[in-house]
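Scroll down for the structure; my scribbles are underneath it.
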Amino acid sequence: MQKSECHGGIQLRNRKAGSCDQRTSSSIQIKHRTTIQQSNSSSSTSSPETARKLHPRPSDKLNPKTINPFGEQSRAPSAFAAIYSKGGIPCRLVHGSVKHRLQWECPPENLPFDPLLITLAEGLRETKHPYTFVSKEGFRELLLVQGAPEKAVPLLPRLIPVLKAALVHLDDEVFARGLNALVQLSVVVGPSLNDHLKHLLTSGSLIVIKSKIPTYCSICC
């Protein structure tokens, strides 16, 4: 009788010890999962991107570009850049050791000025290479071909607004290219330009020209 009670007591203690071990193991597993979750949560909130979303800076609302300054800007190319990339300008840029030059697909004198000369004039407002060089040099070389006056004079009503846009541009280099193009055009077409000066040299553009390059003021008179 005593042996049976003793044996029963041993089994009861074993069951209690087993259940205690199970509770201890479950508690350890719960603590381990909690620790992992806390670690993952802290690592995700500690990233700069998440922190920026949780605590946006005032400048992010004022200037969206500061959100990701290294991201690609989805900006559509200009009209001249799009035409150039599609091969609409019949020349290519040749990089020389000293200076660059243009290589035309055919002699420039065989090219129609309409709309090539106007397209090159529109490219004077570009601010990136190679568009800046191609437009400036292409406009100059096209006006040097034989028969240029006869081809350029009919285009003056369409050329003048384009050159005016370059003359009132905020970029000094764009302004200089537009003014040089105007001087080159005046040499080629001569007095034919006089009737268009009133449209080109408005009071605003005249003030800009006189303030930036006084040496060219003779063209304004």
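Starting from the residue with the highest accessible area, list Glu122, Glu109 in decreasing order, probe 1.4 Å.
Details: Glu122 65, Glu109 90 Å².
In descending accessible area the options line up as Glu109, Glu122.
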_Links that overshoot a 25 Å alpha carbon limit, given the list Lys128/Lys198; Lys99/Lys151; Lys99/Lys128_ = Lys128/Lys198; Lys99/Lys151
*Residue-span extension gain [Lys86 to His199] - 0.36 nm each, minus C-alpha spacing*: 37.4 nm
*Residue-span extension gain [Ala79 to Lys128] - 0.36 nm each, minus C-alpha spacing*: 16.3 nm
*Taking the simple approach of a point 7 Å from Cα along Cα-to-Cβ for both Arg158 and Ile118, what is their distance in nm?*
0.2 nm
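The values are calculated or read from the model by the stated rules, or taken from the named source; none is laboratory data. Quick caveat, the model's predicted, so the values are computed rather than measured. Note that we place each Cβ from the backbone using ideal geometry, even for glycine, and neighbour counts take in every protein chain shown. Just so you know, the surface numbers come from the protein's heavy atoms only, side chains and all, with ligands and any DNA or RNA stripped out. Shrake-Rupley method; radii C 1.70, N 1.55, O 1.52, S 1.80 Å.
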